[in-house]
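Let me begin by presenting the structure, written as structure tokens, before commenting on it.
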Amino acid sequence: MLQLRPNCECCNVDLPPDSREAVICSFECTFCRRCADTVLHGICPNCGGELVRRPIRPAAKLERHPASTERVYKPSGCGKLA
Ligand SMILES: [Zn+2]
Ligand SMILES: [Zn+2]
């Protein structure tokens, strides 16, 4: 099952499970669209894979299959901010 992480690894902004601003790679590294577009250019800095929009998990399914609450924050992987 896809891990729905609660934040962007680059800027730590909140990405709730119903956010349409979240993008994710095949290893579930999760970023906001702004970082993906402006800093990462659509490529995951951890694995080099493609970042695509994270699908929304229907609210009814979140009861039994809740989103992850474990924040992953690795700004070092996003060092091209300047
Ligand atoms: Zn971000
Ligand atoms: Zn990745």
Query raised in the report: Roughly how many Å² of Val72 are accessible to a 1.4 Å probe, to the nearest 10?
Result: 30
Query - Net charge contributed by nearby residues that have their C-beta within less than 11 Å of Cys25 (K/R +1, D/E -1) - result: -2
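Excluding Pro55 itself, what net charge comes from residues whose Cβ is under 15 Å from its Cβ, given Lys and Arg +1 and Asp and Glu -1?
Around Pro55, the charge tally is +3.
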Query raised in the report: Ignoring any ligand, DNA or RNA, what whole percent of the accessible area of the chain comes from carbon and sulfur when the probe is 1.4 angstrom?
Result: 53
Query raised in the report: If you keep only loop residues by DSSP, which trypsin sites (Lys or Arg not before Pro) in the chain have at most 15 other Cβ atoms within 10 Å of their Cβ?
Result: Arg20, Arg64, Arg71, Lys80
**Report entry** Per-residue SASA entry for Ile56, accessible area with 1.4 Å probe, Å² rounded to 10
**Finding:** 60
Report task. Net charge near Asn46: determine it from the other residues with C-beta under 12 Å of the C-beta of Asn46, scoring Lys and Arg +1 and Asp and Glu -1. Result -> -1
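The values are calculated or read from the model by the stated rules, or taken from the named source; none is laboratory data. The structure displayed is predicted, hence computed values, not measured ones. Methodologically, a virtual Cβ is constructed for each residue, glycine included, from the backbone with ideal geometry; neighbour enumeration extends over all protein chains shown. Accessible surface areas use protein heavy atoms only, side chains included; no ligands, DNA or RNA. Shrake-Rupley method; radii C 1.70, N 1.55, O 1.52, S 1.80 Å.
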